[in-house]
1. Quick one: which of W221, W240 is aromatic (F, W, Y), outside any strand (DSSP E or B) and without any contact (Cβ under 8 Å) to a residue 60 or more places away in the chain?
2. Which one is nearest to R373 (Cα to Cα), of the residues in segment 398-414 that are touching a Leu at 6+ places or on another chain (Cβ under 8 Å) and assigned to a loop (DSSP other than H, G, I, E, B)?
3. Taking the condition of being over 17 Å from V115 (Cα atoms) and in contact (Cβ under 8 Å) with a residue 12 or more places away in the chain, how many residues in segment 155-173 meet it?
4. Report yes if P490 is exposed (fewer than 13 other Cβ atoms within 10 Å of the Cβ) and at pLDDT 85 or above, otherwise no.
5. Could you list, in sequence order, the residues of segment 74-102 that are aliphatic (A, V, I, L, M), touching a helix residue (DSSP H, G or I) at 6+ places or on another chain (Cβ under 8 Å), farther than 18 Å from S239 by Cα and touching a residue at least 24 places away in the same chain (Cβ under 8 Å)?
6. Quick check on A254: is it crowded, with 22+ Cβ neighbours inside 10 Å, under 15 Å from G19 (Cα atoms) and not acidic (D, E)?
7. Could you tell me which residue of segment 202-214 is surrounded by the fewest Cβ atoms within 10 Å (Cβ to Cβ), considering only residues that are hydrophobic (A, V, I, L, M, F, W, C), touching a Cys at 6+ places or on another chain (Cβ under 9 Å) and assigned to a helix (DSSP H, G or I)?
8. Any idea which of (1) touching a helix residue (DSSP H, G or I) at 6+ places or on another chain (Cβ under 9 Å); (2) modelled with pLDDT of 90 or more is the one S414 doesn't satisfy?
Amino acid sequence: MSSAPSVIYGMTLPVSLQGPRDTDILRTAELEACLRADSHGIFDTDEGLNQRMEVLSELNLLVTKWVRSVSRAKNLPPQSVDSACGKIYTFGSFRLGIHTRGADIDTLCIAPRHVDRSDFFSSFVELLRENSDITAIRVVEDAYVPVIKMNLKGIELDMLFARLALKDIPDDLELGDNNLLKNLDPRCVRSLNGCRVTDEILRLVPDCETFRLTLRAVRLWAKRRGIYSNVLGYLGGVSWAMLVARTCQLYPNAAPSTLVYKFFLVFSNWEWPKPVVLRQPDQTKLGFPIWDPRLNVSDRYHLMPIITPAYPQQNSTFNVTTSTRSIMMEAFKSGLQITDEIIHGRASWERLFDPIKFFNMYKHLIVVTALCRNEEELLDWQGLVESRIRHLVSSLERISVISLAHVYPRTYPSRDPETLNRATHWFIGLEFQKDSVSLDLSSETHTFQEAVERHGMTTRIFKEGMEVQVNYVRRKNLSAYLPPEDVPQPRKSASSSSSRLQPIPPKPEDGESVSCDGFSERVNGDAASSATAAADVSTSSSPLTIGVKRVASSDQSSSGEEPPGSDTGGSNDSGERSAWKRIRAAAELVLSPVPEATKPEPDPEPELEVVSVVDDDDLEITYEKTVCAGNANLVGLLPRGTQIGDLRGSL
């Protein structure tokens with residue numbers, strides 16, 4: 001009897017061809033019911049979808065009207081003017097069929113060869129401004145991928161532009177043909193890449209509906225865990241889609257509930273920086289750069305490569321840093337633990353989507369503030385500052401005593417009446433490798449501030465009154481920045497999770513032993529008493545030293561972090577391990593192993609005179625400040641001999 005033919009989806013044979021069992025179907029029904037809850041806003045309404053289709057139809061008519069107007073202005077024959085047209089394509093979450101309620105639509109305007117990019121950013125923008133239904137028009141012509149942002153009848157739209165080397169744009173044009181890229185400039189190729197990648201992902205998954213429901217669950221989980229942001233060094237929408245697509249290829253007949261579990265199982269064990277690849281790399285050679293660490297030295301330092309399936313292949317995760325990869329790997333392990341309990345009926349799907357309590361996790365934070373003169377300028381300035389924060393995180397990672405710099409993707413508006421509606425905050429949580437730390441962050445913060453200002457001038461966004469501030473704040477003083485519901489409250493019980501990213505447990509009573517995250521200690525009654533210190537130490541114009549020193553008791557003891565336990569629910573299955581070996585071997589056949597990026601040795605820390613206080617977490621915090629105007633509550637933290645009259649500027 002002949003064996004059934006092998007089915008290959010992507011680069012390797014599937015790990016398993018098993019179909020869903022009755023319990024898998026039940027868990028999938030529970031998952032979909034959870035996702036359809038109004039509180040999540042995952043599924044759009046029929047009315048909302050109809051409105052989006054009407055908006056896209058109106059936008060397509062505007063593009064056709066504009067192309068014919070440009071054709072007439074360039075003296076094309078009348079018959080050519082009448083037949084000239086452009087076309088609107090969608091990509092991203094809307095094209096994948098997973099857009100959420102109120103989400104924007106990513107669109108691409110395709111124009112024939114006689115319509116220039118300069119026409120798009122001049123005459124087309126003028127046409128948009130003449131339409132009373134279109135508001136909030138923002139033109140970002142100097143971006144890596146130039147874009148026009150707008151709001152049409154309440155729907156937010158991002159529109160890219162690509163000019164094809166075609167006389168006319170046919171109605172049935174498919175953008176997947178690589179020959180369309182011939183003779184195009186790089187900006188048009190980058191604009192086309194979104195549509196081409198989205199279509200290729202849908203073509204490469206075994207079942208589109210199963211893929212969509214699984215991806216909806218993973219995207220919601222990633223947003224609730226605070227790891228959904230390409231610009232800040234996490235994964236963006238297309239990267240999450242490719243990871244889910246690879247999981248679907250490995251388990252082509254599995255139900256969505258099983259795929260969510262397998263997603264965490266696969267990628268909590270993935271051997272980064274080996275790349276995730278959905279298909280054999282295209283051999284097309286049109287001269288455009290592609291991701292290949294064998295040829296491009298810079299590609300060897302990418303930490304978490306996920307390669308787009310359409311030519312020219314690119315790494316969609318080049319923004320990932322050491323800290324963000326560590327945070328995502330911890331999140332994968334936590335997701336595996338939770339989904340294992342769900343699969344075995346010990347937890348509900350709601351637990352997977354519980355939001356992370358970021359401000360309970362870190363005692364010491366850096367707050368980055370984008371400040372400008374008015375609300376109209378804030379949107380552009382906020383976007384520019386956010387695009388550079390990952391560089392600040394990378395510079396913090398290079399400091400030897402900082403083990404983790406965790407940037408939180410959520411932004412917070414200013415609560416100060418003087419800067420209301422014209423300032424935005426981001427927060428970076430810090431973890432240290434040592435109990436006693438003294439570090440000077442002035443070089444990193446000044447470099448970051450100068451880079452932001454320089455980039456703002458290059459992109460012509462920077463205006464007078466715009467500035468970026470970098471401040472240090474302790475957890476106990478976050479109320480000045482956060483709304484009351486987000487201010488961390490003292491916890492009543494210690495966390496039992498083994499994940500470092502779980503909320504920090506409360507301070508135990510005298511003589512009580514507490515164990516959390518593999519760390520145990522006994523707290524004694526003779527520990528130093530707490531004192532109050534200022535929360536906000538700005539570093540915008542002068543040096544700052546932050547010191548952290550654990551006040552140890554005579555009989556305090558600690559142990560290192562315990563290694564994570566073995567995975568449950570089939571992670572040790574020899575068949576799956578064998579399949580993963582085949583997957584990794586296939587990756588090695590396509591691309592050479594990529595060495596880990598190494599950190600340069602940090603500069604020696606300067607000798608600094610500091611003053612100390614002991615906070616309520618039994619940590620001795622030391623600061624050095626040389627300038628601190630207009631902030632009288634920081635006088636107690638100034639170096640000895642500094643007088644208020646000597647202060648100039650602010651940090």
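1. Working: W221 fails: without any contact (Cβ under 8 Å) to a residue 60 or more places away in the chain.
After applying the criteria, what remains is W240.
2. Per the stated criteria, the residue is S414.
3. Residues meeting the conditions: 6.
4. Details: exposed (fewer than 13 other Cβ atoms within 10 Å of the Cβ): yes; at pLDDT 85 or above: no.
No.
5. Hits for segment 74-102 are A84, I88.
6. So A254 fits the description; yes.
7. The qualifying residue surrounded by the fewest Cβ atoms within 10 Å (Cβ to Cβ) is L202.
8. Evaluating S414 over (1) touching a helix residue (DSSP H, G or I) at 6+ places or on another chain (Cβ under 9 Å); (2) modelled with pLDDT of 90 or more leaves (1) as the failure.
The values are calculated or read from the model by the stated rules, or taken from the named source; none is laboratory data. Everything numeric here is computed off the predicted structure, so don't read it as measured data. With ideal geometry, Cβ positions are generated from the backbone for all residues, glycine too; neighbour counts draw on all protein chains shown.
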